[in-house]
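These notes concern the structure reproduced below.
Since every read-out is calculated from the coordinates, none of them should be taken as a lab result. Treat the numbers as computed from the prediction; the structure is a model and nothing was measured. Neighbour counts run over all protein chains shown; Cβ positions are idealised from the backbone, glycine included.
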Amino acid sequence: MEPDLITGFLEYLIHQKKYSGHTATSYETDLNQFLYYVHQQYEIDSIHQINHSVIRSWVVELLNSGIDPRSVNRKLSTLKTFYKYLLKESLVQKNPLLKVQAPKTSKRLPTFVEEKGMKMLLERELFTNDFIGARNKLIIELLYCTGIRLSELLGLLESDVDFSRKTLKVLGKRNKERIIPMVVELEKSIINYLNLKVRSGFSNPELVCSDKGVKLYPKFAYLVVNRFLSMVTTIDKKSPHVLRHTFATHLLNKGADLNAIKELLGHANLSATQVYTHSSIERLKNVHKQAHPKS
């Protein structure tokens with residue numbers, strides 16, 4: 001397969017679509033897997049030889065090998081983006097994916113922590129009073145009180161905190177900035193943490209840092225979240241993204257406008273936010289079942 005096509009595609013993702021390097025790498029992996037398959041199975045070495053039947057056979061191969069339909073659809077999404085690029089650059093004349101149907105997937109509701117669990121976590125004395133304790137608590141509070149992604153948390157700088165306006169400046173996907181309000185308790189936690197950070201002799205620009213005063217890496221933050229969520233909930237997933245789900249679900253349950261939640265989360269489309277309405281409906285069903293005399 002023409003290597004220049006892939007190189008051009010990746011440059012397009014990063015420079016024009018403003019995708020992160022991590023996302024571009026994922027696309028490259030999916031694309032290389034597909035191209036390896038078509039070469040091995042059909043001895044195809046040109047993009048012009050690929051048709052919808054070839055892509056369908058790849059989808060079947062993935063499903064038969066036990067790949068989850070959601071993962072298969074993600075790989076198909078990579079191919080769709082690739083062909084949009086090829087069409088845009090007039091490198092192909094037809095899109096074979098128009099005749100390929102994505103596998104059906106079961107709808108999964110976002111996993112979240114109940115309000116009583118989060119209240120227990122943040123109000124009980126579960127965190128130590130030193131720098132490490134303040135840092136661990138801040139990781140939890142930032143994710144839960146703002147709904148930011150883990151990558152956004154790791155990228156926060158001290159200069160992104162505006163105490164006069166009580167806001168945080170967050171750099172999201174595709175380098176899109178958004179402003180998120182800070183609740184009083186989060187502001188207090190940041191002030192306490194920054195004081196302890198200075199006393200510890202750390203001066204790195206990142207807001208949240210490691211025990212040694214350097215930028216956090218994703219696994220570190222994940223382990224902190226997993227450890228403390230394990231103290232207050234029995235849900236299977238205990239990741240930073242669960243706190244993002246929790247943020248959105250709790251806002252919706254309290255009557256927040258869906259469009260406002262969309263802006264806070266940094267979603268490009270409302271459809272991505274609407275998944276949380278299902279969680280709200282399930283909560284209402286449980287309330288109805290427990291309270292209604294005829295239930």
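Table for the structure above
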| quantity | calculated |
| --- | --- |
| ³J(HN,Hα), Karplus 6.51/-1.76/1.60, whole Hz, each residue of region 60-65, x for Gly, Pro | 4, 4, 5, 5, 5, 7 |
| Proxy reagent accessibility, fewest Cβ within 10 Å first, across M120, M231 | M231, M120 |
| Tail beyond 30 Å, pair distance distribution of the chain (Cα, percent) | 46 percent |
| Gaussian network model of the chain, Cα within-10 Å springs - most flexible of V183, V275, V60 | V60 |
| In region 157-189, trypsin sites (Lys or Arg not before Pro) in a DSSP loop with at most 15 other beta-carbon atoms within 10 Å | R165, K166, K176 |
| Rg [Å, one decimal], Dmax [Å, integer] - region 28-170, C-alpha atoms | 23.3, 64 |
| Cross-link pairs K17/K119; K88/K262; K18/K169; K116/K262; K169/K254; K169/K262 - those with Cα-Cα distance over 28 Å | K17/K119; K88/K262 |
| Length added when fully stretched, S200-R108, from 0.36 nm per residue minus Cα-Cα | 28.8 nm |
| Spacing of the two label points (7 Å from each Cα toward its C-beta) at K88 and E11, in nm | 1.4 nm |
| Label-point separation in nm, N259 to R174, each point 7 Å along Cα→Cβ | 2.0 nm |
| Separation in nanometres of the label points that stand 7 Å from Cα toward Cβ, at Q101 and T29 | 3.0 nm |
| Model label zone, S71; criterion: amide N under 17 Å from point 7 Å along Cα-to-beta-carbon; scope region 102-130 | 103-106 |
| Vicinal HN-Hα couplings computed from phi for region 161-166 (Karplus, 6.51 cos²θ - 1.76 cosθ + 1.60; Hz; Gly/Pro x) | 8, 10, 6, 5, 9, 6 |
| Largest to smallest principal axis extent of the C-alpha atoms in region 166-225, angstrom | 31, 27, 22 |
